[in-house]
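To keep things clear, I will list the structure first and then write my remarks on it.
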Amino acid sequence: MSEHKLKRKPQELILAKQLIDECKLDEADQLIKNFEEKGGHTLHDIVLCHLLNCELLYWQGLYKDVVKLAEQTYKESLGLGKNILSVDILLIMVNALVWLIQSDKLHDIIKQGEELLKTLTQELPAEYKQREAYIAFLKGWFYIYRNDAERAIKQFELSISLREIGAKQEIALSLTGIAWVFMFLKSNFDRALKYSKRGMTVAEESGNKWCIGYSSMCMALIHRDKGELDRSIMLFERSLTIFNDLNNKFMVAGILSSLGGAYGMRGELDRSIILFEQSMAFFKKLNNKTRVAYILNNLSSSYKMRGELDRALECIEQALALHQELGNLRDIAGFHDFLIQILIDKGDLERAQQSLDHLEQLNNQLKDNQINLMYLFDKALLLKTSHRAIKRGKAEEILKQLLEDENVSYEIRSMVLLTLCELLLTELHITNEVEVLEEIKPLITQLLDLSEKSHSFWILGETYLLQAKLALISLNLAEARRFLTQGQEIAEKYGLSLLARKISNEHDKLLKQLSMWENLKESKASLNERMELARLNEQMENMVRKRAIEVPELSDEEPVFILIVSEGGRPIFSQSFIEDQKFEDHLLGGFLSAINSFIGEVFSEGLDRASFGEHTLLMNPVPPFFICYVFKGQSYSAQQRIRYFIEELQDDKNAWQTFNKFNQVNREIQLKDIPSLEPLINEIFIRKTIHLNGLV
């Protein structure tokens, strides 16, 4: 029997370990301090106490302190001879290094711990197996950093198979590790979410707050990358609350940064920048230069989207300086990439060329395929700025070469497609040749497909808007409106409310200009004239430069009329919001005529609105009815209001049954027939007291 098995742990340290596992960190900290102050302990108990301090620091997110204390404690543990405590100290050191993104040290320390464990085969089987599982878990993270998805999954699965049934916290973390692999290495968000959900279930069964918060954060990241931003933000905020309660500043800082990214994707850049700055303040206090640099990069991106290029440049230069200090050449190359793009946007082409030369040197030194692809793309961007056709042609050649490379990431590929579209639009502007449009169309199709597969729903929605403008300059008005409807549906489905409002406003403008566009067919206006009217270059510029979404201030519509008709066009219910009886009768007659036209023609095109004089008509199919809303003003607010009305109507079983019964006997419903109907209409359309997607 080994010396370790004969040692009895002090009762205070047993209780401290229980408190740490229950995330009662303040109580555990006090208990450990009291134990240390007593003094007179054996070397074994001192090492064990320091190990518990390492655990305590780990759960508090103080990873640099963990590494420092673990290195000291490991040296102390060598005085115990071959001892399993030495293994535990090495493994917690590795776990801290995982969070510090110091992958270069992982392999050697994991191997050291593994070799030491092999010499302790006389230990209790359960304890030995527990360390084997821990090593497999850490190897999983090592292979994630090596971009080796298959080996990472294999190690996480091994760690799960070695865990005892009761080790729910550890199993949850391994399941979440597999989710990370599918999210970041395989870009398979559905499978990532599947493993993340399993991890969350096990974490909640364990009752460990840190584990629940971590699982929530992982799931939030997956929903964010899937474009499901509302769900993502809710989970981030849940995780943030947990880690705030645990006083884990590192995790709080990380989640604030991730929340900033989610709000940025939603187009809420002011909120995004505030969160990034809060996150950076935490990481500065923790003296974590790597994380500070990454957040400076995120801030730079947000300022770039807002068009504040001087501020964007300032942030990226600070980030680059930090990485040069840290000496990570791959990260330095990545920051040069972003610096080049900002300098090009600023028109500082001389400095952009200098930075490209630095990137070329790094590319030659690193011989890394991803860095090379980045370099080629930036080279094409710089060539594209030239007024000389030969250089723009060289840029086009490089971009087409990149499209043929299977190793190009989703993000770079989408930017290549957009840049090619921009080059072709420049050619279209110069030549006025219709054939150029035919070259753009397959690129747009690729961009739509790529955006959907990579869950880049902002690009997907903007691409539908771009398609609509291309259809406009081809004078295909019905197709343009259909693309606008599709783009708004995508934006609303994935919580991109600013983008949805932007596309809805574009649709409203088109409705008001339909006669103008119809006249252009007769006048045979040039392509350049049509491009100006469609503001095509402005849309392309916004997408390529990732400009912030700008929309007019949201205003309430003025309700005029609600009509519910059968699928055959027969009125079932009507509600007027105007008092002039003569105008109401005239409106109803024209309204019914417009609805019949809508059902027979427009609606079959997959559209959702029509112009009706100075009014707009929205049509919603709710079998066996069409629910129609006439109003003045913006369509976006009207859409939110009528959808809420429909949901409430369908949720009221008695009201919905009454509608169906009256429809069967060809009777028209009056307000007195459904007592709940009038207060519902008043609340939504007259008093407007319901909160709907930012509307009140």
Checked Leu437, Leu475, Leu496, Leu450 against criteria (within 24 Å of the chain's Cα centre (by Cα), in contact (Cβ under 8 Å) with a residue 24 or more places away in the chain and surrounded by fewer than 24 Cβ atoms within 10 Å (Cβ to Cβ)); the one match is Leu450
Turns out the helices (runs of 4 or more DSSP H) fully within segment 121-223 with at least 3 residues that are under 28 Å from the mean Cα position of the chain (by Cα) and among the hydroxyl-bearing types (Ser, Thr, Tyr) are 189-206
Expected single match for over 28 Å from Leu450 (Cβ atoms) and crowded, with 17+ Cβ neighbours inside 10 Å among Ala167, Ala179 is Ala167
Qualifying residue in segment 213-234 (condition: surrounded by fewer than 22 Cβ atoms within 10 Å (Cβ to Cβ) and more than 26 Å from Asn188 (Cβ to Cβ)) = no
In the set Asn83, Asn95, Asn53, the lone residue that is out of contact with any Leu (no Cβ under 7 Å at 6 or more places or on another chain) and of a type outside the set (Phe, Trp, Tyr) is Asn83
Is one or more of the residues making up segment 277-291 β-branched (Val, Ile, Thr) and touching a helix residue (DSSP H, G or I) at 6+ places or on another chain (Cβ under 6 Å)? no
Taking segment 65-75 and the residues there that are crowded, with 17+ Cβ neighbours inside 10 Å and in contact (Cβ under 8 Å) with a residue 12 or more places away in the chain, the one that is nearest to Val252 (Cα to Cα) would be Val66
Restricting attention to segment 292-317, the residues that are touching a helix residue (DSSP H, G or I) at 6+ places or on another chain (Cβ under 7 Å) and either crowded, with 18+ Cβ neighbours inside 10 Å or among the hydrophobic types (A, V, I, L, M, F, W, C) (or both) number exactly 17
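Give the residue that is nearest to Trp59 (Cα to Cα), with candidates limited to residues of segment 254-289 that are of a type in the set (A, V, I, L, M, F, W, C) and in contact (Cβ under 8 Å) with a residue 60 or more places away in the chain.
To start, the set of residues in segment 254-289 that are of a type in the set (A, V, I, L, M, F, W, C) comprises 255-256, 259, 262, 265, 269, 273-276, 280-283, 286.
Okay, now just the ones that are also in contact (Cβ under 8 Å) with a residue 60 or more places away in the chain, so 265, 269, 286.
Values: Met265: 30, Leu269: 32, Leu286: 15 Å.
The extreme case among them is Leu286.
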(message) Could you go through segment 188-196 and let me know if any residue there is in contact with a helix residue (DSSP H, G or I) (Cβ under 7 Å, 6 or more places away or on another chain) and at pLDDT below 90.
(response) yes
Quick check: is even one residue across segment 237-257 under 19 Å from Glu308 (Cβ atoms) and modelled with pLDDT of 85 or more? no
Scanning segment 82-115 for residues that are in contact with an Asp or Glu (Cβ under 8 Å, 6 or more places away or on another chain) and part of a helix (DSSP H, G or I), the one surrounded by the most Cβ atoms within 10 Å (Cβ to Cβ) turns out to be Met93
Within segment 536-553, restricting to residues that are touching a Lys or Arg at 6+ places or on another chain (Cβ under 8 Å) and modelled with pLDDT of 80 or more, the one that is surrounded by the fewest Cβ atoms within 10 Å (Cβ to Cβ) is Glu541
The helices (runs of 4 or more DSSP H) lying entirely within segment 1-72 that contain at least 2 residues which are under 41 Å from the mean Cα position of the chain (by Cα) and at pLDDT below 90 are 11-21, 25-38, 43-59
Q | Condition met for Asp245 (in contact (Cβ under 8 Å) with a residue 24 or more places away in the chain, surrounded by fewer than 16 Cβ atoms within 10 Å (Cβ to Cβ) and closer than 22 Å to Trp99 by Cα) | A | yes
Going through segment 520-562 in order, the residues found to be touching a strand residue (DSSP E or B) at 6+ places or on another chain (Cβ under 8 Å) and either under 30 Å from Ser300 (Cβ atoms) or small (Gly, Ala, Ser) (or both) are Leu554
Cβ pairs under 6 Å, 6+ apart or interchain, first in segment 8-23 and more than 13 Å from Glu55 (Cα to Cα), second surrounded by 13 or more Cβ atoms within 10 Å (Cβ to Cβ), ordered by first then second residue, are Pro10/Asp45; Glu12/Leu31; Glu12/Phe35
Quick count over segment 369-408, residues being among the hydroxyl-bearing types (Ser, Thr, Tyr) and crowded, with 16+ Cβ neighbours inside 10 Å, is 1
*Might you let me know whether segment 503-519 holds any residue that is assigned to a helix (DSSP H, G or I), surrounded by 15 or more Cβ atoms within 10 Å (Cβ to Cβ), at pLDDT 90 or above and among the hydroxyl-bearing types (Ser, Thr, Tyr)?*
yes
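Closer than 24 Å to Arg392 by Cα, surrounded by fewer than 22 Cβ atoms within 10 Å (Cβ to Cβ) and at pLDDT 90 or above: is that true of Gln486 in this structure? Let's see the steps before the verdict.
On the way: closer than 24 Å to Arg392 by Cα: no; surrounded by fewer than 22 Cβ atoms within 10 Å (Cβ to Cβ): yes; at pLDDT 90 or above: yes.
Considered against the rule, which asks whether it is closer than 24 Å to Arg392 by Cα, surrounded by fewer than 22 Cβ atoms within 10 Å (Cβ to Cβ) and at pLDDT 90 or above, Gln486 comes out as no.
The values are calculated or read from the model by the stated rules, or taken from the named source; none is laboratory data. Values in this document were obtained by computation on a predicted structure and should not be read as measured data. Every residue, glycine as well, gets a Cβ built from its backbone with ideal geometry; the counts of neighbours run over all protein chains shown.
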